1. Cβ-Cβ under 7 Å, sequence separation 6+ or interchain: first residue in the range 77-99 and under 13 Å from residue 56 (Cβ atoms) and not assigned by TED's automatic domain parsing to the domain that holds residue 59, partner outside any helix (DSSP H, G or I) and modelled with pLDDT under 95. Which pairs?
C-alpha cells in the first residue's frame, strides 16, 4: 500500500489534517459579508437609507410615487440588493430630483 503522505509532499501531516488546517483559515460567511457586503438584505438597506424595512420593500416593489423601483434579487421570498445597484439607484434618484 502506498503512503499517502509521500504523494502529497507533506511527510509530517496526513493530507486530511493539512486540508482541515486550510479550511479553518477561511473566513466564515458572516465574516466575509462583514468585510465586503456586496449583497445587502432589506434590513441592511433600511439602515443605509435610514428608513423602515417596509419602506424598502415598497421601494423594491415600485409602490413609492416619484421614485424609480430599487433593483433587487429575489431568491424565493427573500429580497436582496446589490450594494452597487443601491449606489446607482441613489445617484439616479438624486439626478431626478434635481431636474
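The values are calculated or read from the model by the stated rules, or taken from the named source; none is laboratory data. Treat the numbers as computed from the prediction; the structure is a model and nothing was measured. Cβ coordinates were reconstructed from backbone atoms using ideal geometry, including for glycine residues, and neighbour counts include every protein chain displayed.
1. Final answer for the pair search is none.
The rows are residues; the columns are (1) part of a helix (DSSP H, G or I); (2) modelled with pLDDT of 95 or more.
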| site | (1), (2) |
| --- | --- |
| 34 | yes, no |
| 45 | yes, yes |
| 55 | yes, yes |
| 63 | no, yes |
| 67 | no, no |
| 71 | no, yes |
| 81 | no, yes |
| 92 | yes, no |
| 95 | yes, no |
